[in-house]
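Heads up, the thing below is written out as structure tokens.
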Amino acid sequence: MNEAEFSRAADLLMRTIEDELDAQGADIDTESAGGVLTLVCDANGSRIILSRQPALAQIWLAAQSGGFHFEYRADTWVCTTTGETLATVLGRVCSAQAGEAVVFSLQ
């Protein structure tokens, strides 16, 4: 994946995450600046941070439970260490930190 393709895929991913949170009515606010998407859980103020790493063509996720790196493979973002999809990991960490069920399809 070249840098332009990565940029397009990352832009779409960030918009989709925001749209899916809005559609669910989750008590999670979003802040976007400089290629970083920050999810702020209203219940406790905790944060989940998604950042672009263009040199590696990866998305990094930082949450209370730890950090994860994702690569775009076969039309989905996949964790480089666990093989889980970003949708699965993001749903799990958002649910844990927000104290409510949050599900992502990221399709």
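Data for the structure
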quantity: Selection from the stretch 43-84 of residues that are within 19 Å of Asn2 (Cβ to Cβ) and touching a Lys or Arg at 6+ places or on another chain (Cβ under 9 Å); calculated: Gln58, Ile59
quantity: Close pairs (6 angstrom Cβ cut-off, 6 or more residues apart or separate chains): without any contact (Cβ under 8 Å) to a residue 24 or more places away in the chain in the stretch 1-30, small (Gly, Ala, Ser) and open to solvent by less than 20 Å² (accessible area, probe 1.4 Å) anywhere; calculated: none
quantity: Scope the stretch 91-107; condition within 14 Å of Cys41 (Cβ to Cβ), surrounded by 18 or more Cβ atoms within 10 Å (Cβ to Cβ) and in contact (Cβ under 8 Å) with a residue 40 or more places away in the chain; matching residues; calculated: Val93, Cys94, Gln97, Ala98, Val102
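The values are calculated or read from the model by the stated rules, or taken from the named source; none is laboratory data. If you're wondering where the values come from, they're calculated on a predicted model, not measured in any experiment. No Cβ is skipped: glycine too gets one built from the backbone with ideal geometry, and neighbour counts run over all protein chains shown. Remember, those area values only see protein heavy atoms, side chains included, never the ligands or the DNA or RNA. Shrake-Rupley method; radii C 1.70, N 1.55, O 1.52, S 1.80 Å.
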